[in-house]
1. Enumerate the pairs (first residue in the range 29-57 and in contact (Cβ under 8 Å) with a residue 12 or more places away in the chain; second residue anywhere and open to solvent by 70 Å² or more (accessible area, probe 1.4 Å) and assigned to a strand (DSSP E or B)) with beta-carbon separation below 7 Å, excluding pairs fewer than 6 apart on the same chain, so at least 6 apart or on different chains.
2. In the range 82-92, is there at least one residue being closer than 30 Å to Q26 by Cβ and either open to solvent by 70 Å² or more (accessible area, probe 1.4 Å) or of a type in the set (F, W, Y) (or both)?
3. Does the range 118-125 include one or more residues that are loosely packed, with under 10 Cβ neighbours inside 10 Å and either without any contact (Cβ under 8 Å) to a residue 40 or more places away in the chain or not in a helix (DSSP H, G or I) (or both)?
4. Residue check, F57 against (1) open to solvent by 60 Å² or more (accessible area, probe 1.4 Å); (2) assigned to a helix (DSSP H, G or I), all met but one. Which one?
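The values are calculated or read from the model by the stated rules, or taken from the named source; none is laboratory data. The model shown is predicted, which means the values in this text are computed figures rather than measured ones. Heads up, the Cβs are rebuilt from the backbone with ideal geometry, glycines too, and the neighbour counts pull from every protein chain shown. Note: areas computed on protein heavy atoms with side chains; ligands, DNA, RNA excluded. Shrake-Rupley method; radii C 1.70, N 1.55, O 1.52, S 1.80 Å.
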Amino acid sequence: MAPKSDNTEAIVLNFVNEQNKPLNTQNAADALQKFNLKKTAVQKALDSLADAGKITFKEYGKQKIYIARQDQFEIPNSEELAQMKEENAKLQEQLQEKKKTISDVESEIKSLQSNLTLEEIQEKDAKLRKEVKEMEEKLIKLREGITLVRPEDKKAVEDMYSDKINQWRKRKRMFRDIWDTVTENSPKDVKELKEELGIEYDEDVDLNFQAYADLIQHGKKRPRGQ
């Protein structure tokens, strides 16, 4: 239910005085929707208040701009203004200090939240102790010369690795033979043709064939059981 006309005027007058800045009807109507006031009611109240001399207005074409009467406000003198500026500066300083305090507290809370709980620390400690024990047991076996990998398993892995290296070497050679034949009579630049066909060398993807091939020789030279 909309407020009565006299109550509407009181609401509008209070709003204009509180804002103390130029307002048009739409400004006031938007702000006073919370009081269930329609734009027409706000317009009527503004005109009534202006006619009664409780607020002032100026016309700009078809639009009216309303403002509170300035003679109702106490205008501070230069000394009072200086004091207000000083108080404002102190308040701004206090505000910055409060903001810094809040920021420090938030940082501390964030740091505490990122720390492990006692239960999590105990779980991590138990896990690390278990890993250390397993590594120590493995180290003892290695020092005693115990072979952790059966010779037949080691040979099977080495044979499979050697086979893959040989296949790699054969395919590199096959590709190079075909590629040399194609590019020998091609009018295009070799680099452009390579990019056009989407061809990548091992080196383009940071692969070094010789480094992998050398592992076979290193494995053969490694004394058994080490």
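1. Here the result reads A50/F57, each pair linking the range 29-57 to a residue that is open to solvent by 70 Å² or more (accessible area, probe 1.4 Å) and assigned to a strand (DSSP E or B).
2. no
3. yes
4. Condition (2) is where F57 drops out.
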